[in-house]
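Written out below as structure tokens is the structure these notes cover.
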Amino acid sequence: MFKGTSFAKLKSNLKLSISRFKLLEKKKTEQATKARKDIADYISGGKDDRARIRVEHIIREDYIVEAYEMLEMYCDLLLARFGLIEKMKELDPGIEEAVATLIWAAPRIYSDVPEMKVIADQFLHKYGKEFFEKCRDNVNANVNDKVRHRLSIGPPPKVLIEQYMMEIAKNFKVPFEPDPSIMLEANGMVAHDLIDLGNRPGPSGGGASGGYGGGSGGYGGGGGGMAFPPMPAQQPHMHQPPVMEEKPPWYNPNAEAAAPESKPFQYPSNPSAPTVSFYTPMGPVSCARRICMLAFPLLPSPSFFFCFFCFLPFAALSLSLSSAPNGRD
């Protein structure tokens, strides 16, 4: 039963399928956006029947994009829980819906995603032919309803087509009057079926029912099993009383009240008042001394200069006497 299962091949093809799903989603979304402009031109030209045919193609592409998003999410889920596939002999309930949905969708999207055939074959070797055939026919009802509805071949409802045309005409500011006989059937029937590609919820959000199928959850689908728990209700904001600062035992409020109020420093307003200066006047001697001390740090006081200049004539006289010619010569 387990012979022939290649887990390495299964994991690599799951990763390749995720990349291919993303490319196909981007490509089909861009094509549908361009096709909306053509539909607006048909509506403005009075070719409503031609526009309805093009709208049906857009609805089909939008359904396929939604199905690809769900299948991409299931491939990512199986990669995250790949240990359950490798270690457990029986199928774990946490991945049953993902495995069954990929097996069911493989022959329907094989032309766009050929890796799905390899994935389905590995599940055949892993879980047996009986389980494989039941998933193909959805006997156990464990295939996601939203994926099954989006990939079915049935035509979309006429009401949904009119709703699409109204939205396209509104976006491109083109006048359009829907068919009154068809709109009488609306009555909230397909208000949740419109697909807004500009603001589409991710695979983690809950999805609405298909245009021509029953209701299903966006993430858990009809099979359930993977829906996130509801978020807790937000509690109302409660006003917190202010925290009173504790005073020490020796604190005396009367002493604080009797303390004189401190006033900021102000400059004297009397212009004749003496001002404080960082510089004091100096005489010429002090100025010369200060300059000499800055220029010659080794000469500390003017008395040294006095001694020096007094000694200078005697030094010159002795020098001249020593250099004078001797009379003996």
Could you check, for region 51-68, whether at least one of its residues is within 21 Å of N171 (Cα to Cα), open to solvent by 40 Å² or more (accessible area, probe 1.4 Å) and not charged (D, E, K, R)?
yes
T5 passes all but one of the listed conditions (1) touching a helix residue (DSSP H, G or I) at 6+ places or on another chain (Cβ under 9 Å); (2) closer than 23 Å to V174 by Cα; the exception is number (2)
Name, by its number, the condition in (1) modelled with pLDDT of 90 or more; (2) within 30 Å of I109 (Cα to Cα); (3) open to solvent by less than 30 Å² (accessible area, probe 1.4 Å); (4) of a type in the set (G, A, S) that does not hold for A169.
(2)
Being polar (S, T, N, Q) and part of a helix (DSSP H, G or I) is the filter; apply it to region 4-49 and report the residue that is most open to solvent (accessible area, probe 1.4 Å).
Q31
If I filter region 128-151 down to residues being without any contact (Cβ under 8 Å) to a residue 40 or more places away in the chain and in a helix (DSSP H, G or I), which single residue comes out as surrounded by the most Cβ atoms within 10 Å (Cβ to Cβ)?
C135
Is it true that some residue in region 71-93 is under 16 Å from D137 (Cα atoms) and surrounded by 14 or more Cβ atoms within 10 Å (Cβ to Cβ)?
no
Only one of E86, E72 that is out of contact with any Gly (no Cβ under 9 Å at 6 or more places or on another chain) and modelled with pLDDT of 95 or more:
E72
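The values are calculated or read from the model by the stated rules, or taken from the named source; none is laboratory data. This one's a predicted model, so the numbers in the text were calculated from it and none came from an experiment. Note: ideal-geometry Cβ built from the backbone for every residue, glycine included; neighbour counts use all protein chains shown. Side chains included, ligands, DNA and RNA excluded: accessible areas come from the protein's heavy atoms. Shrake-Rupley method; radii C 1.70, N 1.55, O 1.52, S 1.80 Å.
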